[in-house]
Amino acid sequence: MKNFKSMASAVVIAAGLGLSGQAAQAADVSFMSFSYAEEAAKPSVEALLKGFEAQTKLSVEPLGYAWGDMQKNIFLRARSKTLPGVAQLSERWLPSFANVAGLVDLNEVYGKDKLAEIFAPDALAMGQIGSKQYALPLISGSIGLIGNKAVLEKAGITKLPTTVDEFRTALVAVRDKVPNSVPYTMATKNNGSILLDFMIWNWTFGGEIIDEQGKVKVGNGDAGKQALSFMVGLMKDRLAAPEIDRPDARRLVAQNASAFFFDAPQARTHLRSFSGQGAAFDANVLPMPTPVTANGKEPASIQWGHLLVQFAADGKANADAPASKFISYLTSDAAQATFPLEQSALPVTKSGRANPKVTGDSFLAAWAKAAGKPKRNEVGIWSNAAELTQVIGEEVQGALLGQKSADDAIQAMQKRLETSMANVNKQN
Amino acid sequence: MSLAADITTAPSSARVSPHAVRGGLKAGQRRIGVLLLLPAAIAFGLVILYPFLQALALSLFEYTLETPAPRFTGLANFAKIAATPDVWQAFATTAIYVFFTTTGTLILGLAWALILNQPFRGRGLLRSMSLLPWVLPSTVSAFIWGWIFNSRYGVLNALLLELGFIDMPQAWLSTSTGAMIAVIITKIWLSIPLFMAFFLAGLQNMDREQVDAARVDGANNWAILRDHVLPHLRPVLIVVVVLGVIGNLQQFDTIYALTGGGPVRATAVLSVEVYRRAFEQWDIGFASAIGVLWVATLLPPAFLYLRMLVKGA
C-alpha cells in the first residue's frame with residue numbers, strides 16, 4: 001500500500017508538471033526556416049525576428065531545419081497536423097505543397113491588387129499556382145554560372161569564356177596550370193543539384209526536358225544527348241569530378257581549388273564564410289553568363305528564390321493574424337533593405353529593388369546582367385517533381401560515372417519520365 | 001483407537017484461511033506478473049504494434065501528396081511493386097549487402113574474440129577499446145568512414161598513393177562496387193564488437209582441459225578450431241548469425257549517411273528504397289507496401305531466433 005501511495009504521488013506530480021508545461025505561454029508565431037539552420041544566414045534571421053518582436057510585441061518561435069530536410073518535415077507536420085504559422089520554401093518546392101490542407105491563399109489576406117502594387121512581378125509570380133497566391137517571395141535571383149577570378153588568373157585566363165568551346169579551353173587551362181583543382185565543380189552526387197546543372201546545359205544545347213503540356217521531350221532530337229555528352233566529356237577529361245554537390249563546390253571555390261560552378265547569388269555569402277576572408281573574397285567572385293553554343297544565343301539560367309507560405313487551420317487568415325503580420329514584416333521595406341543584401345540576393349519588392357544600396361551593389365548588378373532572362377524550372381512545376389528529379393539525376397549520374405552511354409541514358413530518361421508523367425497534373 | 005486412525009488423507013471441506021482466495025498464491029503471482037508486464041505491453045502496442053498495423057493498412061491505400069486522404073486501392077501497390085524493377089533491384093542489393101556484412105562480421109568477430117581470449121598483457125584494455133565502434137553513434141561512424149573514403153581528402157587515397165599502389169586519387173564512393181564495399185566495411189566495423197562479445201562469452205565457457213588434451217594428442221590450431229571450438233560455439237554461432245541477418249536487413253542509417261543509396265542505385269537497399277519512396281517522393285502507400293514485403297523478409301530469421309529462445313527457455 002505504501003508503494004502504491006508513493007507511485008500515485010509520483011503520477012500526480014508528473015501530471016502536474018506536464019500541465020504546468022502545457023500552460024506555459026507559447027509563441028505567437030512559429031516560423032520554420034532553413035536559413036535559420038545555416039551558419040552564414042542565422043544572424044540575419046535572428047535580426048529579423050528581433051526587429052519583428054520589437055515592432056509588434058509579438059513573439060516568434062524559430063524552427064530551424066536543414067535545407068535538405070525542410071520538405072520532409074513540413075510534409076510530416078502536415079500529416080500530424082502540427083504545421084507552423086509560416087514556413088520558408090525554395091521556389092521549386094511550392095507545387096509539391098499545393099494540396100497541403102491549411103495552405104493560405106495570400107490574395108485573400110492582402111488583396112491581389114495590393115500585392116501586385118508592392119512586389120516585383122517576376123518575384124510575385126514564383127508564389128503563384130493558377131490564380132492563387134500560395135506564397136510571397138522573400139529573396140529572389142537566378143541560378144547561374146560563377147567564375148573564380150583568382151583561379152582563372154593563375155591559369156592565365158584574362159577573359160571570361162562566352163562560348164562552350166572557350167569554356168572547355170578555359171577548363172583545360174585550369175586543370176593543367178592549377179594543381180589539385182577541379183576546374184568546374186559540376187554537380188555529380190546529389191540528384192537535386194545534378195538536375196540544375198543538366199537543365200542549364202540542356203537549354204544551352206537547345207533542348208527541353210518536359211514541355212508546358214507535360215510531354216517529355218528530352219529524348220527527342222539531339223540536344224539532350226549533346227548536353228549529356230558534353231558533361232560526360234568533362235568528367236572523362238578530369239575537368240569535373242565525382243562526389244561533388246553544391247556545398248562541396250562552394251568550399252572548393254572558396255579554397256581557390258575550382259574555377260567555375262553554378263549557384264544562386266547567395267553563393268557570395270557562402271564564399272565569404274567558407275574562404276575565411278569575409279568581404280575581401282568578393283573580388284574573386286565573378287557572376288558570368290552561361291557559355292552558349294554560338295555567339296549571339298541567349299545564355300541559360302534558372303529562376304530562383306525563397307518563398308514564405310502561411311498555414312492556418314482552415315486555410316483562411318486575415319491580415320491581423322500574427323502569422324500574416326510576420327509575413328508583412330519580412331516583406332516590408334525595413335526587412336527588404338537588409339536581409340536580401342546580407343544573403344547576396346535581390347529584394348522582392350519594387351521599393352526594395354529601387355533602394356540605392358541594391359542598385360549600388362556591383363555584384364548584384366553584374367548578376368542581373370549575366371542572368372539574362374532566367375527561365376522557370378521546367379521540372380519543379382509538376383506535382384511529381386521529386387520523382388522526375390530522381391530519374392533525371394540517376395540517368396545523368398549513370399552516364400557521368402561511365403555506367404552507360406549518354407545516348408542510352410537519355411533514352412532511358414525519356415522512357416522513365418514518360419512513365420512518371422502518365423497520370424500527373426501541372427501545378428502552375 | 002490409535003493416533004494414526006485420527007489422521008485422515010481425505011481433503012477437508014474447511015478453508016485453510018478466511019483470507020484465502022480461489023487460485024491462491026499462483027493466481028496472485030500471475031496478476032502481479034500481468035501488472036508488471038503492462039507498461040512494456042502498452043509501450044509495445046503504441047510504439048511498435050500500432051504503427052506496424054497502420055503501415056500494413058496503408059499498403060492497401062493510395063496516399064500521396066495529391067491525395068490528402070488515403071484512398072483504398074486494394075492490392076494495387078503490390079501490383080505496382082511487381083512491375084517496378086527498381087524495387088526488385090533493391091531486394092537483390094539487400095541480399096548482397098546482408099550476405100557480405102553478416103559473413104564478414106562473423107569471421108572477423110570470431111577471429112578477434114579468439115585473439116582476445118588469449119592471455120597477454122593489456123588484454124583488458126584492448127577488450128574495452130574494441131567496444132568503441134559499438135559505442136559510437138552509427139551516423140558518426142558513417143561520416144568517419146566517409147572521410148576515409150573521400151576522393152580528395154581521404155586517408156585511404158593518401159595511404160595508397162604513399163605506398164605507390166595508385167597513381168591518382170580514386171573516387172571510391174562513385175563506383176557501384178566501391179560504394180558497396182564501403183558500406184559493407186563500415187557495417188562490419190560497427191558490428192564486430194557485438195559479435196566479438198558473444199563469441200568471447202562462449203569461449204570463456206569452454207573447458208580449457210579439452211583443448212589442452214587435444215594439444216597433447218597432437219592437434220594443431222586449425223584442428224582445435226574445427227573440432228573443438230566451433231562445435232562448442234555452435235549455439236552462439238546460430239544466434240549471432242540470426243541476429244546479424246536481422247540487424248543487417250534493417251540497416252539504414254550508415255548506408256544513407258555514407259552514400260545516400262547511390263551512386264545511382266548501387267547501395268539502395270530496401271530501407272533506403274522505403275525512405276526514398278516515403279520521404280522524397282511522398283508515396284506513402286507504395287512505401288508501406290515495400291515495407292510490408294521487407295518485413296516478410298525479416299520474418300524467417302526472426303522466427304528462427306524466437307524458436308531458439310523458446311527452446312532455450
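The values are calculated or read from the model by the stated rules, or taken from the named source; none is laboratory data. All values reported here derive from a predicted model rather than from experimental measurement. Positions of Cβ are backbone-derived with ideal geometry, glycine not excepted, and every protein chain shown enters the neighbour counts.
Identify all residues within the range A:330-357 that are surrounded by 20 or more Cβ atoms within 10 Å (Cβ to Cβ) and either touching a Lys or Arg at 6+ places or on another chain (Cβ under 8 Å) or not in a loop (DSSP other than H, G, I, E, B) (or both); write none if there are none.
Initially, the range A:330-357 is screened for residues surrounded by 20 or more Cβ atoms within 10 Å (Cβ to Cβ), giving A:330-331, A:335-336, A:339-341, A:343-349, A:352.
Result: A:Leu330, A:Ala335, A:Gln336, A:Phe339, A:Pro340, A:Leu341, A:Ser344, A:Leu346, A:Pro347, A:Thr349, A:Gly352.
Looking at the structure I just gave you, is A:Glu298 closer than 27 Å to A:Gly68 by Cβ, modelled with pLDDT under 95 and not assigned by TED's automatic domain parsing to the domain that holds A:Leu94? So A:Glu298 does not fit the description; no. May I ask you to verify whether A:Ala120 is touching a Lys or Arg at 6+ places or on another chain (Cβ under 6 Å) and over 21 Å from A:Lys316 (Cβ atoms)? Yes: the conditions hold for A:Ala120.
Specify which of the listed residues (A:Lys154, A:Lys217, A:Lys177) is within 21 Å of A:Gln390 (Cβ to Cβ), out of contact with any His (no Cβ under 8 Å at 6 or more places or on another chain) and not hydrophobic (A, V, I, L, M, F, W, C). Please lay out each step first, then the result.
On the way: A:Lys154 fails: within 21 Å of A:Gln390 (Cβ to Cβ); A:Lys177 fails: within 21 Å of A:Gln390 (Cβ to Cβ).
Of the residues listed, the single one that is within 21 Å of A:Gln390 (Cβ to Cβ), out of contact with any His (no Cβ under 8 Å at 6 or more places or on another chain) and not hydrophobic (A, V, I, L, M, F, W, C) is A:Lys217.
The residue that is nearest to the chain's Cα centre (by Cα), counting only those in the range A:68-91 that are within 14 Å of another protein chain (Cβ to nearest Cβ), closer than 22 Å to A:Ile381 by Cβ and not aliphatic (A, V, I, L, M), is A:Gly68.
Here is a yes/no grid of residues against (1) touching a Cys at 6+ places or on another chain (Cβ under 8 Å); (2) within 14 Å of another protein chain (Cβ to nearest Cβ); (3) within 29 Å of A:Ala280 (Cβ to Cβ):
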position	(1), (2), (3)
A:Trp93	no, yes, no
A:Val100	no, yes, no
A:Asp105	no, no, no
A:Gly111	no, no, no
A:Ala120	no, no, no
A:Leu124	no, no, no
A:Gly127	no, no, no
A:Ile143	no, no, yes
A:Lys159	no, no, yes
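Listed by position, the helices (runs of 4 or more DSSP H) inside the range B:200-313 whose residues that are within 14 Å of chain A (Cβ to nearest Cβ), within 30 Å of B:Phe61 (Cα to Cα) and at pLDDT 90 or above number at least 3 are B:270-279, B:284-312. Inspect all residues belonging to the range A:384-405 and state whether any of them is within 25 Å of the chain's Cα centre (by Cα), over 15 Å from A:Phe230 (Cα atoms) and outside any helix (DSSP H, G or I). Yes, that holds for at least one residue. Counting only helices (runs of 4 or more DSSP H) that sit wholly inside the range A:119-228, those with at least 2 residues that are touching a residue at least 24 places away in the same chain (Cβ under 8 Å) and within 27 Å of B:Trp172 (Cα to Cα) are A:164-177, A:191-204. Scanning the range B:32-76 for residues that are within 27 Å of B:Gln281 (Cβ to Cβ), exposed (fewer than 11 other Cβ atoms within 10 Å of the Cβ), more than 14 Å from chain A (Cβ to nearest Cβ) and without any contact (Cβ under 8 Å) to a residue 12 or more places away in the chain yields B:Val47, B:Ile48. Within the range A:395-411, the residues that satisfy the criterion of being surrounded by fewer than 24 Cβ atoms within 10 Å (Cβ to Cβ) and away from chain B (no Cβ under 11 Å) are A:Ser405, A:Ala406, A:Asp407, A:Asp408, A:Gln411.
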